Amino acid sequence: MTTADESEPTAREAFSLLGHEIRLEILLALLDGWRAVYTDPRSYADLMDAVGMRDSGKFNYHLDKLRGVYVREVEDGYVPTASVTALYRSVLAHRPTERTEYDPTAIDSDCPRCDAKAVLRYNRGFVSIECSACDDWAGFTYPFPKNGFETRNADAVARATVRRARHHIGMARTGQCPFCAGGTAVDIDLETTAADDQMIEIACDTCTFLVGVEPLQSLLTDNRVAGALADVGVDLERYDWELPTPAMRIKSRDPGRVVLEVDGEMGSATILVDETFSVRSVTTDR
């Protein structure tokens with residue numbers, strides 16, 4: 001896994017390339033009308049004119065700084081790379097100069113520990129679902145861009161965040177970081193697998209993606225698991241914290257094999273996973 005010390009030079013270099021107004025203007029001009037791989041290139045003269053530059057030497061100096069990383073030269077001019085478009089989307093999604101105020105709001109769900117109303121909070125770009133009455137439930141939290149609040153009420157935000165988390169966690173569990181496409185690793189403590197509060201940790205080898213998640217939650221996007229749960233009457237439209245808590249046991253330590261047994265209204269599903277939490281088999285008993 002890449003350490004913070006190893007990543008710092010790369011991050012520092014990436015940020016430093018944007019540390020000049022002319023370079024920002026070049027990138028914004030290229031991003032205007034961006035259409036992924038169908039983006040029309042802008043010629044040198046057109047790009048220079050769009051930035052409002054008259055000094056070709058100065059303009060070329062800053063353009064050269066961006067070449068390869070954020071700007072690619074093609075036959076008919078220049079186009080933005082996927083790196084800068086990803087950065088641009090991230091800035092628009094999180095808009096760091098704007099602050100979203102959102103008062104704690106009750107949602108249509110209950111605490112799985114005490115049955116009191118669950119409450120949605122929004123802080124530092126994270127949606128958190130907590131109990132309104134007790135501290136026994138760890139709750140749910142996941143990053144959610146503030147754009148998502150513009151057309152949704154609290155319940156819709158909660159559901160959108162859960163769907164987003166499921167999708168990202170499903171990708172990460174199967175080896176791909178949902179943010180940088182780097183490799184991911186799953187960590188599970190086989191010595192404490194049977195504990196009620198067991199969590200697995202999924203971390204990216206390259207960027208800062210890191211989640212701690214309940215075992216069943218990490219498997220919900222697997223088609224075999226989803227199908228088996230539906231067959232035994234588990235409603236996957238429910239929030240993750242409303243789903244049944246599986247009974248877990250170690251089948252073997254070498255090789256690592258863990259069994260999750262989930263009871264539904266019409267039977268039970270048995271899921272066998274290995275030490276990387278890859279699904280080995282799924283069976284149902286109705």
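Brief remarks on what is shown
- Check on Asp103, farther than 30 Å from Pro41 by Cβ and in a loop (DSSP other than H, G, I, E, B): yes
- Answer residue from segment 232-258, given it is over 28 Å from Ala116 (Cβ atoms) and among the basic types (Lys, Arg) and is surrounded by the most Cβ atoms within 10 Å (Cβ to Cβ) among those: Arg257
- Residue in segment 261-269 that is under 25 Å from the mean Cα position of the chain (by Cα) and at pLDDT 95 or above present: no
- Filtered residues of segment 229-262 (kept if of a type in the set (A, V, I, L, M), within 29 Å of Phe179 (Cα to Cα) and touching a residue at least 40 places away in the same chain (Cβ under 8 Å)): Leu229, Val258, Leu260
Every residue, every condition in (1) at negative phi; (2) modelled with pLDDT of 95 or more; (3) small (Gly, Ala, Ser); (4) in contact with a His (Cβ under 9 Å, 6 or more places away or on another chain), yes or no:
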position: Lys146; (1), (2), (3), (4): yes, no, no, yes
position: Ala160; (1), (2), (3), (4): yes, yes, yes, no
position: His168; (1), (2), (3), (4): yes, yes, no, no
position: Thr174; (1), (2), (3), (4): yes, yes, no, no
position: Thr208; (1), (2), (3), (4): yes, no, no, no
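- Of the residues making up segment 80-103, none is over 22 Å from Phe179 (Cα atoms), surrounded by 12 or more Cβ atoms within 10 Å (Cβ to Cβ) and hydrophobic (A, V, I, L, M, F, W, C).
- At least 1 residues being among the hydroxyl-bearing types (Ser, Thr, Tyr) and over 30 Å from Arg12 (Cα atoms) is the threshold, and among the strands (runs of 3 or more DSSP E) wholly inside segment 117-220 those reaching it are 126-131.
- Considered as a group, the residues in segment 259-284 that are among the β-branched types (Val, Ile, Thr) and within 29 Å of Ile129 (Cα to Cα) include one that is surrounded by the most Cβ atoms within 10 Å (Cβ to Cβ), and that residue is Val273.
The values are calculated or read from the model by the stated rules, or taken from the named source; none is laboratory data. Predicted model only: the values in this text are computed from it and were never measured. Cβ sites come from the backbone with ideal geometry, for glycine too, and all protein chains shown count toward neighbours.
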